[in-house]
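> Shown below is the structure under consideration.
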Amino acid sequence: MAMLEVEDLNVRFYTDDGVVKATNDLSYRIEAGERFGVVGESGAGKSVTSLALMRLIDEPGVIESGEIRFKGQNLLEMNEEEMRSLRGNEIAMIFQDAETALNPSYTVGEQISEAIRYHLDLDEAAARERAIETLESVGIPSAAERYSDYPHEFSGGMQQRVVIAIALSCDPDLIIADEPTTALDVTIEAQILELLEEVATEFDTAIQLITHDLGVVAEFCDRVMVMYAGHPVEMAPVEDVYYNPQHPYTVGLMSSIPRIGDDRDRLQTIPGRMPDLIEMPPGCNFHPRCPYAEESCTRVDPQLVDVETGDPADPINSDAQTAACLAHTGELTGELEYEVTVRGEDDFPGPDGASSSAEVTDR
Amino acid sequence: MSGSEPLLRVEGLEKYYESESDFIDRLLGRQKKVKAVDGVSFEINEGETLGLVGESGCGKSTIGRSILQLREPTAGSVYFKGQDITTLSDSELRDLRKEMQIIFQNPQSSLNPRLTVNDIIGEALDIHGIEGDVTRDARIKDLLERVGLNASHANRYPHEFSGGQLQRIGIARALAVDPDFIVCDEPVSALDVSVQAQILNLLEDLQDELGIAYLFIAHDLSVVEHIADEIAVMYLGKIAEIGTPEELFVPPQHPYTEALLSAIPEPDPLWEGDRILLEGSVPSPIDPPSGCKFHTRCPRVIPPSDYEFEQEEWRAVMSFRHRAREEDIAVETFGDDDDALTEALRDELDLPSSLTDPEAERVVEEALRSVADEEFAAAESVLRETFETPCTTDEPALRRTDAGRVACHLFDPAYESGPTDGTRTDDGAVTGDGAAASGDD
Ligand code: SF4
Ligand code: SF4
């Protein structure tokens, strides 16, 4: 049994315009201490996934069916009280916008020690001490002094450190980090990723990292799920996805990243845009944008399958590379053709380890 | 390029703001200047693109707005087609806006939600008049198609479009007046990667067809590389380095460019390069660091020539000095025991338990004792006075090197004390004899 198992999760939003199918039979797992990436563009359903895990889906959204098992217990059957003690205690969350995650009218120290006291049943002095330790562990200089500063007295990067400190304060088993570095400058992003990496290793915390940035995933994650229009189109260990992507959408995403030092005159693009989640294209949702689409793609909805065997994927029990494209079930006449170039000097990784990288070119 | 005069020439541009202050401060004239842009010069040729890159607060967006005179510059000149436009009257400026346009990061907020696309673009056409004998509708249709939108959608409202499509509408509106120059202020930062690439390609196509010059402002070096003929990297209101992408991306580089490049997450799980992690964040422009503004974070900050420092030790001493100046060192948390206290301070400041050079060690210890007594100013001054480095005293000027222009003393043969790293300068000389930096002798 994995620490977290999500099975056939369906989240719907009932809006005036129609029913938004935010996730469709979504299944995946996260092992203890694992770093799991969820990638996709806006509208792919990645943030809904994390909110569902915390049972924070609000009206007009509902979790229609499925199970979310955390250490074997179905979160969807817990009462509010049980959920509250789980949130922040065993599962913590880090958002993109640190400033709104913090309460502007309490000092950062108070916010951390409040979380600690709530979950760990410590007295005030002990909670304060632990809060200062936590602030120190996330690299806040002069933690004891800054304990009584208010959030607005911190820079964006420092605020995100505070949010991470709050998340860590109760030693959770799983941290859900939703675009934690997107709002930060690149040099600060590097600091925060390094910090997350450090604390995840030190406390053996599992992390579900939600991001649009394939660079961040490559750096940070063990396994990754690429989402498109509310469902995974590819799920695999990170190296497989980067060096041997098996879904045309993954290929398109990778080849549209601007890379320093490549000689391409034009960037590759994926034509069109993410479909409307109310009226999804029939068959394979990606077919209107897919360079390999055939007639069958407009009729048959491809299932997530093991790319080696073509057997239905078992995302909860297996680590195999899986993708949802008819090319892997023999229902496509043509083949997926693209090239993955691994940059580097002669061998890989580059001898000085300084400049090697994978680059995907569509056809 | 034809002729000697570039399309746009910015000279010594400065934009200062008054800092927020209370009544008493104002009464006593204690207001401080925030130097958002602090003496910036560059040129853009017809049909070419200058990428302007830097982290938040470096002044890049202020430059874009100052060039268009949307913000009045504090000092400096902006020559457009040879004419200094900082001296123009309002009506002359209005005419000029036909030739200079801007597109923004969030097209949502810059497009009137109550107007149809037809009206949004039509409005721009009306203000500036249509040339030739095409009808207004034909021109709108042409513009929409040019930016890759379906002309039959002209009667829709902004909310009916996606982010990428809205950016296309913003571009069509800018094109309506047939400009020669467009400021693109983070035009793709809010878009998904695949859409980002579409917009970048579109901007490049338009440049090829119409010969428009761009000032392309971005926080992401990898985005500008594809579109820029020249790139300027900014730090705290100043240009740190400027050159073609080839010049910029190949070492030797300004230490800040080097760090920015190395911080971009590499989409390759087995990438094994060394990441340069800068400490701290960009200092406040209200009271910026002396000398080179990057010295509070620079990993290569030049050590004093008469002491022997490992580069990392020296970086830690510099950070110690900076934090003493900011009084940002917590003291009271470490008990009364003197030894324990200095040890805890060293730990907090990332200083090794003893420095390589015993002389330097003595000085640092003295400074630590001052800090223990909360005499921050004393600590700062002993460090400042004993350890001299050009990085904190002299402001580096942009100097031409083999590869672009760089504002860093490491590239200046006048300072001989830099660490040896094959840093080449004008005449091909190598600066730095390495005596100060290497710890292995
Ligand atoms: S099923 Fe067809 S349309 Fe969908 S990704 Fe595969 S080839 Fe493309
Ligand atoms: S002048 Fe000194 S501090 Fe500034 S970038 Fe160069 S080495 Fe670093």
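The values are calculated or read from the model by the stated rules, or taken from the named source; none is laboratory data. Here the structure is a predicted model, which means the values were calculated and not measured. Using ideal geometry, Cβ is built from the backbone for each residue, glycine included, and neighbour counts are taken over all protein chains shown. When the accessible area is computed, the model is the full protein with side chains, heavy atoms only, and any ligands, DNA or RNA have been set aside. Shrake-Rupley method; radii C 1.70, N 1.55, O 1.52, S 1.80 Å.
> Considering only residues of region B:337-354 that are of a type in the set (D, E, K, R) and open to solvent by 50 Å² or more (accessible area, probe 1.4 Å), which is modelled with the highest pLDDT?
Among those that are of a type in the set (D, E, K, R) and open to solvent by 50 Å² or more (accessible area, probe 1.4 Å), it is B:Asp350.
> Could you pull out every one of the helices (runs of 4 or more DSSP H) wholly within region A:181-249 that has 2 or more residues that are closer than 24 Å to A:Leu9 by Cα?
Helices (runs of 4 or more DSSP H) meeting the threshold: A:238-243.
> While we're looking at this one, here's another question. Select from region A:274-305 the residues that are open to solvent by 70 Å² or more (accessible area, probe 1.4 Å) and within 14 Å of chain B (Cβ to nearest Cβ) and write down the one among them that is farthest from ligand 1 (Cβ to nearest atom).
A:Asp276
> In region A:306-313, is there at least one residue being open to solvent by 30 Å² or more (accessible area, probe 1.4 Å), free of Cβ contacts under 8 Å to residues at least 12 places away in the same chain and more than 16 Å from ligand 1 (Cβ to nearest atom)?
yes
> Taking the stated definitions as given, is B:Ile169 open to solvent by less than 10 Å² (accessible area, probe 1.4 Å), part of a helix (DSSP H, G or I) and either β-branched (Val, Ile, Thr) or within 14 Å of chain A (Cβ to nearest Cβ) (or both)?
When the stated conditions are applied, B:Ile169 passes them.
> Oh, and also: Across region B:241-257, which residue is nearest to ligand 2 (Cβ to nearest atom) among those that are within 13 Å of chain A (Cβ to nearest Cβ) and buried (at least 21 other Cβ atoms within 10 Å of the Cβ)?
Selected residue: B:Pro255.
> Let me ask something else. Considering only residues that are in a loop (DSSP other than H, G, I, E, B) and in contact with a helix residue (DSSP H, G or I) (Cβ under 7 Å, 6 or more places away or on another chain), which ones fall in region B:116-144?
Scanning region B:116-144 gives a single hit, B:Ile130.
> Hey, can you tell me all the residues within region B:372-393 that are open to solvent by less than 70 Å² (accessible area, probe 1.4 Å) and either closer than 19 Å to B:Phe309 by Cβ or among the aliphatic types (A, V, I, L, M) (or both)?
If the condition is that a residue be open to solvent by less than 70 Å² (accessible area, probe 1.4 Å) and either closer than 19 Å to B:Phe309 by Cβ or among the aliphatic types (A, V, I, L, M) (or both), then B:Ala372, B:Ala378, B:Ala379, B:Glu380, B:Val382, B:Leu383, B:Thr386, B:Phe387, B:Thr389, B:Pro390, B:Cys391, B:Thr392 are the ones that fit.
> Somewhere in region B:218-236, is a residue within 18 Å of the chain's Cα centre (by Cα) and away from chain A (no Cβ under 14 Å)?
Yes, because at least one residue in region B:218-236 is within 18 Å of the chain's Cα centre (by Cα) and away from chain A (no Cβ under 14 Å).
> Then there is this: Please enumerate the residues belonging to region A:316-363 that are more than 13 Å from ligand 1 (Cβ to nearest atom), at pLDDT 55 or above and closer than 25 Å to A:Arg35 by Cα.
A:Ile316, A:Asn317, A:Ser318, A:Asp319, A:Ala320, A:Gln321, A:Thr322, A:Val340, A:Val342, A:Glu359, A:Val360 - these are the residues of region A:316-363 that are more than 13 Å from ligand 1 (Cβ to nearest atom), at pLDDT 55 or above and closer than 25 Å to A:Arg35 by Cα.
> Filter region B:277-315 for residues that are within 12 Å of ligand 2 (Cβ to nearest atom) and either at positive phi or within 14 Å of chain A (Cβ to nearest Cβ) (or both) and give the result.
B:Leu278, B:Gly291, B:Phe294, B:Thr296, B:Arg297, B:Cys298, B:Pro299
> Could you please tell me which pairs satisfy a Cβ distance under 7 Å, a separation of 6+ or placement on different chains, a first residue in region A:109-132 that is within 22 Å of A:Glu81 (Cα to Cα), and a second residue that is open to solvent by 60 Å² or more (accessible area, probe 1.4 Å) and among the charged types (D, E, K, R)?
Listed by first residue and then by second, the contacts come to A:Ser113/A:Arg128; A:Ile116/A:Arg130; A:Leu122/A:Arg130.
> Quick check: is even one residue across region B:274-295 open to solvent by less than 40 Å² (accessible area, probe 1.4 Å), of a type in the set (A, V, I, L, M, F, W, C) and free of Cβ contacts under 8 Å to residues at least 40 places away in the same chain?
yes
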